[in-house]
C-alpha cells in the first residue's frame with residue numbers, strides 16, 4: 001500500500017466513524033459499529049471498510065446490512081469532506097481479524113496453563129519422597 005492510499009484510508013476511517021455516530025439513525029445499528037480499518041485499492045476506486053459490532057451474530061448481520069444500505073449516503077458525505085476527485089465506493093464487511101486474534105490468545109493462554117501444570121508435575125516427581133532414606 002502506498003503512502004497516499006494509507007493516508008486516505010486513515011482519513012476515510014476517521015470520517016466514517018463520525019458519520020456513523022452522528023448522522024445514521026438506522027435502528028439496526030444497535031451495537032454501535034466501529035470501523036477498525038479501511039483498505040483502499042491502489043486505483044482509489046474501492047475501499048473495503050472493516051467493522052466490528054458488539055452483540056449476537058444476528059445483530060452484527062443487521063448492522064452490516066444497515067451500513068451497506070447507507071453506503072451511498074456515506075460516500076456522498078465523504079465527497080463533500082474530502083478534497084479528491086473521486087471518492088472510492090464503500091464495501092462494508094465484518095472484521096473477523098479481531099475475533100481470530102482473541103481465539104488465538106485464548107489458545108496460547110491454555111497452552112501456557114498446561115505447560116505450567118506439566119512443570120509442576122515434573123518438579124513433584126523429581127523431589128525425593130518424604131520420610132525416605134536419610135544421610136548419616
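At a glance:
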{"read-out": "Among the candidates 28, 120, 75, 68, residue that is assigned to a helix (DSSP H, G or I) and over 28 Å from residue 4 (Cα atoms)", "value": "120"}
{"read-out": "Enumeration of residues in segment 1-25 that are outside any helix (DSSP H, G or I) and either surrounded by 13 or more Cβ atoms within 10 Å (Cβ to Cβ) or at pLDDT 90 or above (or both)", "value": "24"}
{"read-out": "Residue ID - surrounded by the most Cβ atoms within 10 Å (Cβ to Cβ), chosen from residues in segment 52-65 that are touching a helix residue (DSSP H, G or I) at 6+ places or on another chain (Cβ under 9 Å) and part of a loop (DSSP other than H, G, I, E, B)", "value": "53"}
{"read-out": "Looking only at segment 71-100, and only at residues there that are over 14 Å from residue 51 (Cα atoms) and touching a strand residue (DSSP E or B) at 6+ places or on another chain (Cβ under 9 Å), the one that is surrounded by the most Cβ atoms within 10 Å (Cβ to Cβ)", "value": "88"}
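The values are calculated or read from the model by the stated rules, or taken from the named source; none is laboratory data. Keep in mind that what you see is a predicted model, and the values were worked out from it rather than measured. Please note: Cβ atoms are built from the backbone with ideal geometry, for glycine as well, and neighbour counts cover all protein chains shown.
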